[in-house]
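Scroll down for the structure; my scribbles are underneath it.
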Amino acid sequence: MGGSVIAGDLYDGDQTSMKSARFLAEQRARLHEAGIRAFIIRGNHDALSKITAELVMPDSVKVFGSLAETIAIDRAPGGFPVAIHG
């Protein structure tokens with residue numbers, strides 16, 4: 001299974017239009033359907049966005065919170081170890 005990292009400031013804190021949010025939600029759904037996990041690290045503008053709180057994420061999306069976390073990624077035997085920190 002592949003993965004993608006989406007790092008910060010996807011939305012402007014003052015943004016009130018759902019157009020960008022819907023587009024990003026549709027793209028995350030496409031990644032989910034393809035078996036690709038997504039890891040989102042919010043930027044300072046994302047944390048302020050009212051839209052961010054309203055979006056429902058598929059199970060394959062990990063949104064890092066305010067506390068530091070490390071997610072180890074399962075790899076095939078003999079593969080390089082991978083960890084996502086957020």
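Evaluation of residue 26 against the conditions (1) assigned to a helix (DSSP H, G or I); (2) surrounded by fewer than 16 Cβ atoms within 10 Å (Cβ to Cβ); (3) modelled with pLDDT under 85 shows that the sole unmet condition is (3). Within region 54-86, being of a type in the set (A, V, I, L, M), touching a helix residue (DSSP H, G or I) at 6+ places or on another chain (Cβ under 6 Å) and either farther than 20 Å from residue 28 by Cα or at pLDDT 80 or above (or both) holds for one residue alone: 61. If you go through region 67-86 and pick out every residue that is in contact (Cβ under 8 Å) with a residue 12 or more places away in the chain and farther than 17 Å from residue 38 by Cβ, you end up with 1. Report yes if some residue within region 2-9 is outside any strand (DSSP E or B), at pLDDT 80 or above and either at negative phi or surrounded by fewer than 16 Cβ atoms within 10 Å (Cβ to Cβ) (or both); otherwise report no. No, every residue in region 2-9 fails to be outside any strand (DSSP E or B), at pLDDT 80 or above and either at negative phi or surrounded by fewer than 16 Cβ atoms within 10 Å (Cβ to Cβ) (or both). When region 41-53 is limited to residues that are among the hydrophobic types (A, V, I, L, M, F, W, C) and under 14 Å from the mean Cα position of the chain (by Cα), the one that is modelled with the highest pLDDT turns out to be 41.
The values are calculated or read from the model by the stated rules, or taken from the named source; none is laboratory data. These figures come from a predicted structure and were not determined experimentally. Neighbour counts run over all protein chains shown; Cβ positions are idealised from the backbone, glycine included.
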